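Peer 1: Following this message is one structure expressed as structure tokens.
Values quoted throughout were computed directly from the atomic coordinates according to the rules given, and no laboratory measurement underlies them. All values derive from a computational prediction rather than experimental measurement. Positions of Cβ are backbone-derived with ideal geometry, glycine not excepted, and every protein chain shown enters the neighbour counts.
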Amino acid sequence: MSDYSAGSAIFMSIIVGLILSIFFDSIFAIMVAGFMATYITRPEERHTIIGIIASLIVGVFIFLYGMINGPEMPYRISSLVEVDPGSFIIGFTLICLFSVALGALSGYIASKTAKNKDF
């Protein structure tokens, strides 16, 4: 069941998280990525930080996709929109903090769940 190294588990959970973000909400994808990365890691390497790393990477990818693929707006409105570095920095910081919090929560739940299964 949980026989993957930390790097492999993070990579697989990032792929699953990005696929899930297409079909479901981004919060769900971030939580699943953190949970999955922690849960499938070997018991001696299983820590909450694994879920934090996976969730943070998925959150940053989702943020960058949202920046590249913005909403469709009429020309009148889109001509008034300017680049605002302050909002970009605040948004990026908030998504990073939010992803770290969700990754820590889901990683903690996964480590406690897996510990109960690994007698």
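Peer 1: Regarding the chain, what are the three Cα extents along the principal axes, ordered largest first, in Å?
Peer 2: Projected onto its principal axes, the Cα set of the chain covers 63, 25, 19 Å.
Peer 1: Hey, fewest Cβ within 10 Å first, where do THR38, THR48, THR93, THR113 land in order?
Peer 2: THR93, THR113, THR48, THR38
Peer 1: Quote the relative contact order of the chain in percent (integer), defining contacts as alpha-carbon pairs under 8 Å separated by 6+ residues.
Peer 2: 34
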